[in-house]
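First comes the structure, then the notes that go with it.
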Amino acid sequence: MKNDLILRVIAKLLIPFIVLFALYVQFHGDFGPGGGFQAGVILAATVIFYALIYGLDDARKVVPEALVESMMALGVLIYSGVGLAGLVLGGNYLDYFVLDPNSVLGQHRGIFWVEVGVATTVSGVMLKIFYVFAARARADD
């Protein structure tokens with residue numbers, strides 16, 4: 001597929017819209033179905049789509065494996081950091097209402113950051129799994 005001009009052009013047109021949809025799902029997660037997990041999967045699927053069209057080496061240049069591994073750790077740190085912030089501010093672990101003097105704003109702030117952490121971790125894990133399996137399949141050839 002690497003030399004198919006039509007697929008390459010279509011991919012260049014679609015990828016920004018797929019990323020935009022992932023951001024919509026991420027930021028709309030507070031108010032309706034969706035959120036971090038779904039947005040993380042969509043973002044990872046975007047990179048996998050890119051790898052299928054342009055090749056694994058090009059995808060690893062765009063999203064290097066070191067960045068993927070950092071995403072996995074950073075997402076967990078963001079998630080647990082929100083929980084620890086609740087403890088430090090006098091609530092329970094993942095009590096969002098203590099994150100702001102206005103408890104409704106605290107809930108929104110906490111949910112937002114938890115969903116960011118989930119999206120980051122899920123995207124990183126999905127890409128790591130893809131990179132491992134893609135490299136293994138390439139070694140078998």
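A few notes on this one:
- Looking at segment 24-113, the chymotrypsin sites (Phe, Trp or Tyr not before Pro) that sit in a DSSP loop and have at most 14 other Cβ atoms within 10 Å of their own Cβ are PHE31, TYR93.
- Segment 24-97 shape via C-alpha gyration tensor axes, a/c threshold 1.5: oblate
- ³J(HN,Hα) computed for each position of segment 109-119 - Karplus, 6.51 cos²θ - 1.76 cosθ + 1.60, integer Hz, glycine/proline x: 5, x, 4, 4, 6, 5, 5, 5, x, 5, 4
- Vicinal HN-Hα couplings computed from phi for segment 80-88 (Karplus, 6.51 cos²θ - 1.76 cosθ + 1.60; Hz; Gly/Pro x): 5, x, 5, x, 5, 4, x, 5, 5
- Computed from phi, the 3J(HN,Hα) profile of segment 69-77 under the Karplus parametrisation 6.51, -1.76, 1.60 (θ = phi - 60°) reads 5, 5, 4, 4, 6, 5, x, 5, 5 Hz, with x in place of Gly and Pro.
All of the numbers you see were taken from the coordinates with simple rules; none came from a lab. Quantities reported herein were computed from a predicted structural model and do not represent experimental measurements. Cβ: placed from backbone, ideal geometry, glycine included. Neighbour counts: every protein chain shown.
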